[in-house]
1. Here is a list: Ala90, Ala16, Ala23, Ala98. Which entry is among the hydrophobic types (A, V, I, L, M, F, W, C), in contact with a helix residue (DSSP H, G or I) (Cβ under 7 Å, 6 or more places away or on another chain) and more than 21 Å from Ala222 (Cβ to Cβ)?
2. Given the options Thr126, Thr158, name the one that is under 18 Å from the mean Cα position of the chain (by Cα), among the polar types (S, T, N, Q) and farther than 26 Å from Leu13 by Cα.
3. Hey, could you check the range 367-391 for residues that are out of contact with any Phe, Trp or Tyr (no Cβ under 6 Å at 6 or more places or on another chain) and outside any helix (DSSP H, G or I) and say which is nearest to Glu264 (Cα to Cα)?
4. Looking only at the range 261-284, count how many residues are over 26 Å from the mean Cα position of the chain (by Cα) and under 21 Å from Gly210 (Cα atoms).
5. Would you be able to tell me the number of residues in the range 55-82 that are among the polar types (S, T, N, Q), within 30 Å of Ile134 (Cα to Cα) and more than 16 Å from the ligand (Cβ to nearest atom)?
6. Look through the range 83-102, keep the residues that are touching an Asp or Glu at 6+ places or on another chain (Cβ under 8 Å) and more than 21 Å from Leu190 (Cα to Cα), and return whichever of them is nearest to the ligand (Cβ to nearest atom).
7. Select from the range 308-328 the residues that are more than 13 Å from Arg390 (Cβ to Cβ) and part of a loop (DSSP other than H, G, I, E, B) and write down the one among them that is most open to solvent (accessible area, probe 1.4 Å).
8. Which of (1) in contact with an Asp or Glu (Cβ under 9 Å, 6 or more places away or on another chain); (2) touching a residue at least 24 places away in the same chain (Cβ under 8 Å); (3) of a type outside the set (A, V, I, L, M) does Asn51 not meet, given it meets every other one?
Amino acid sequence: MRKKRGHADDTKLVDAGRPPASAAYPVNPPVTRASTILFDTYKDFQEGARNIVYGRFGTDTHRALEAAVTDLEGGVRTHLTPSGLSAVTASILAFVKAGDHVLISDGVYDPTRGFCERFLKRFGVTPDYYDPQIGAAIADKITPATKAIVAESPSSLTFEVQDLPAIAAAARKADVKLIVDNTWGAGYFLKPIALGAHVSLQAGTKYLVGHSDALIGAITCADEVCAEAVTQSLRQLGSSVSADDAALALRGLRTLSVRLKRHEQTGLALAEWLAARPEVSRVLHPARPGAPGHDIWRRDFTGASGLFSIVLAPVPEVALEAFFNAMTLFGMGFSWGGYESLAIPSRPGKWRTATVWADPGPVVRIHAGLEDPGDLIEDLDQAFAAMAARQ
Ligand SMILES: *Cc1c(COP(=O)(O)O)cnc(C)c1O
């Protein structure tokens, strides 16, 4: 007999989405690749309520991952998408039509803003941006045409933490859907649905997959009405996810908690060391006192992942180039959430419209990987020396 499902997240990560018991059965669900699903009889073909119908809608492999993410996020249903960005766009499209208005955090993942500006606008949906630290004052930005709020907490690149319960309360009062991009919290450190969100989505590409070898998105809904809207959105878009990628994400999910705790520890150690460096003017890490929204992070999150930023004091471009070229353990590349450390330069002020980014120096976004923290600090130390040599 299967055990009764445990309540703690660490138990859910191990227990959810496992194959049903039989006389002898594998630990993991098989990877079922399919386009055509065959029905044995005419009656089977005509029957309405079926879990597996056609490859585009997923197989038992997808169902297993969906069940595990639903359990983790605390929602009613999860839909998988081919990437994190498609999870964002399909969620927004589920709730808007021509003439509607959507509120988007000014600190949102840049391609989300790109979708609003270059796509939604063409179909008569108007995006409007808000300060990620707006809290309950979001109510003043809601109009009768507002249909969705897209919050991402903390912000990409700049890591402001949002007051989701306050935003959710304002959204629900006005019958507006609150969509939260929960990639940083990975469904583990933050529970947007418990805080009032209608949708919690994540780029599973990051921590669920955890090994930088697959792209996938997950949309978890708080109620069946939202879940049905997302089902329709994905159907009309023709979205589908490969069984192999779903299996990789499910495999990654099994070790999510141990990896996240190590990413957290190393991230905090790097942030602490960086805060004391003269080259660093600010550390943007939600778990550090003084970071924007830190008190809210303490109230709503149970931990911090390994992604944060530092703002450097202004440096000549050649010195910044020397800093990046000198690093040997930190790779330069997009995405994050894998076992390896990363560092990329960025200029968050470039995209902002609702808030002003006043820091003059460049921002460096860091992903703390699973390497030895001492080795990582040594690598940063010698990179700062290379930077100084060019100043
Ligand atoms: C990476 C990321 C995405 C997009 O995920 P992809 O799988 O690369 O499409 C969306 N939101 C956030 C916050 C991200 O960091």
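1. None of the other options fit; the residue is Ala98.
2. Residue meeting the stated conditions: Thr158.
3. Ala368
4. Number satisfying all stated conditions: 0.
5. 1
6. Ranking the qualifying residues of the range 83-102, first place goes to Val102.
7. Thr328
8. Unmet condition: (2).
The values are calculated or read from the model by the stated rules, or taken from the named source; none is laboratory data. Keep in mind that what you see is a predicted model, and the values were worked out from it rather than measured. No Cβ is skipped: glycine too gets one built from the backbone with ideal geometry, and neighbour counts run over all protein chains shown. We work out accessible area using only protein heavy atoms, side chains counted, and drop any ligands, DNA or RNA first. Shrake-Rupley method; radii C 1.70, N 1.55, O 1.52, S 1.80 Å.
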